[in-house]
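A short write-up of the structure that comes next.
Nothing in this text is a laboratory measurement; each read-out follows from the coordinates by a stated rule. Worth saying up front: this structure is predicted, and the values here are computed from it rather than measured. Positions of Cβ are backbone-derived with ideal geometry, glycine not excepted, and every protein chain shown enters the neighbour counts.
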Amino acid sequence: MLLEQILADCKAAGKPSISFEFFPPKTDKGEKNLWQCIQELTQLNPSFVSVTYGAGGTTQDRTLRIVKRIRKETALEPMAHLTCVGSTQDELAALLNEYKAAGMKNILALRGDAPEGMDKFEAVDGGFAHATDLVRFVREQQGFSIAVATYPEGHPESANGVADDLKYLKVKQDEGAIAAITQYFFDNDAYYRFREQAEKIGITIPIIPGIMPIGNYEQIVRFSKMCGASIPDWLHEKMQPIAGDLDAVKAMGIEVATQQCQNLLANDVAGVHIYALNKSEASLAICRNL
Ligand SMILES: Cc1cc2nc3c(=O)[nH]c(=O)nc-3n(C[C@H](O)[C@H](O)[C@H](O)COP(=O)(O)OP(=O)(O)OC[C@H]3O[C@@H](n4cnc5c(N)ncnc54)[C@H](O)[C@@H]3O)c2cc1C
């Protein structure tokens with residue numbers, strides 16, 4: 001089903017959408033874990049599930065294989081992430097044709113990050129430099145609902161901070177995106193400010209919060225520095241003293257994400273997108289708490 005329809009159905013039923021994000025594993029063991037995770041999360045009847053898209057050739061093939069299998073073997077609605085990294089327009093068109101042939105309806109159109117070993121993203125000859133171009137291109141291929149990424153605390157490369165992200169989110173909407181999913185954040189007020197500013201410049205598509213359950217605090221601190229997500233003082237005060245005890249961090253991560261979702265859901269979000277990262281435990285606990 002098209003994401004547009006999924007979100008409209010949720011709205012009509014007065015329910016938020018709940019979605020989970022997975023990544024294509026690199027090993028047989030990882031693949032087994034993923035399928036177990038998918039099986040466990042299926043009981044929550046998610047509105048859709050998404051599969052990330054890596055920077056290299058074989059990783060990219062894995063996304064196609066995983067979403068095809070989700071479509072064939074489960075009742076879940078998969079959404080494939082797609083980036084501009086390393087692909088010409090012809091290659092992107094060929095991949096989109098494969099998705100179409102496999103009955104795929106939903107694409108998360110992204111620019112992508114630089115592949116390992118490269119400092120920064122560079123468009124290939126005959127490819128695209130920005131997600132805004134990819135959104136237009138996917139729309140022109142017809143038949144897909146298009147979602148995009150956005151950054152309530154600003155993308156690290158945005159010279160003018162959040163103002164740039166708002167500007168380009170509007171362009172993504174104008175080019176055909178029907179929903180945005182945010183980079184994870186822990187400060188709901190930053191999200192509310194972003195949403196309010198978005199509304200002011202005519203952004204009407206749902207901005208679905210991306211929720212990251214913390215499983216390893218030190219890792220999150222490192223990753224947040226790279227992706228521009230702030231760690232509020234209150235979170236640091238909760239997590240820092242227990243950082244060495246992974247079980248305690250996991251339990252606190254579930255509590256924090258539950259409270260974050262409760263606050264968001266009480267403030268009129270269309271849904272929440274949980275970065276499940278091929279693990280079911282935290283997502284199951286958060287959804288049960290909700
Ligand atoms: C929900 C979500 C899912 C993700 N999934 C993946 C994934 O599967 N694979 C992966 O590799 N990465 C993924 N990412 C990471 C993402 O690829 C990176 O954050 C990347 O650096 C930016 O992608 P984007 O689509 O937001 O790019 P863009 O929207 O192109 O933004 C990148 C930068 O360019 C600027 N910009 C945007 N449009 C224009 C324009 N038209 N002209 C000038 N400047 C512009 C923006 O302000 C920003 O600073 C995901 C991120 C999110 C939030």
Quiz prompt | Pairwise FRET efficiency - THR42 versus GLU91, Cβ, R0 = 35 Å, nearest 0.05 | solution = 0.60
Quiz prompt | Per residue convex hull volume, Cα atoms of the chain, in Å³ | solution = 131
Quiz item: Computed over the Cα atoms of segment 1-68, what is the ratio Rg over Rh, Rh following Kirkwood?
Solution: 1.05
Quiz item: What is the diffusion coefficient of segment 40-176 in µm²/s, taking the Kirkwood radius over Cα pairs and the Stokes-Einstein relation at 20 °C with a viscosity of 1.002 mPa s?
Solution: 137
Exercise. Could you pull out the GluC sites (Glu not before Pro) across segment 136-226 that fall in loop regions by DSSP (anything but H, G, I, E, B) with no more than 14 other Cβ atoms inside 10 Å?
Key: GLU157
Exercise. Normalising by the residue count of segment 3-284, find the relative contact order in percent from Cα pairs under 8 Å and 6+ residues apart.
Key: 20
Quiz item: Between segment 114-159 and segment 238-290, what's the alpha-carbon centroid distance in Å?
Solution: 28
Self-check item: Overall Cα dimensions of segment 141-290 - principal axes, largest extent first, Å
Solution: 46, 33, 30
Exercise. Tell me the Kirkwood hydrodynamic radius of segment 210-272 in angstroms, computed as one over the mean inverse distance between distinct C-alpha pairs.
Key: 12.3
Quiz item: How much net charge surrounds ALA282 when only other residues with a Cβ under 13 Å from its Cβ are counted (Lys, Arg +1; Asp, Glu -1)?
Solution: -2
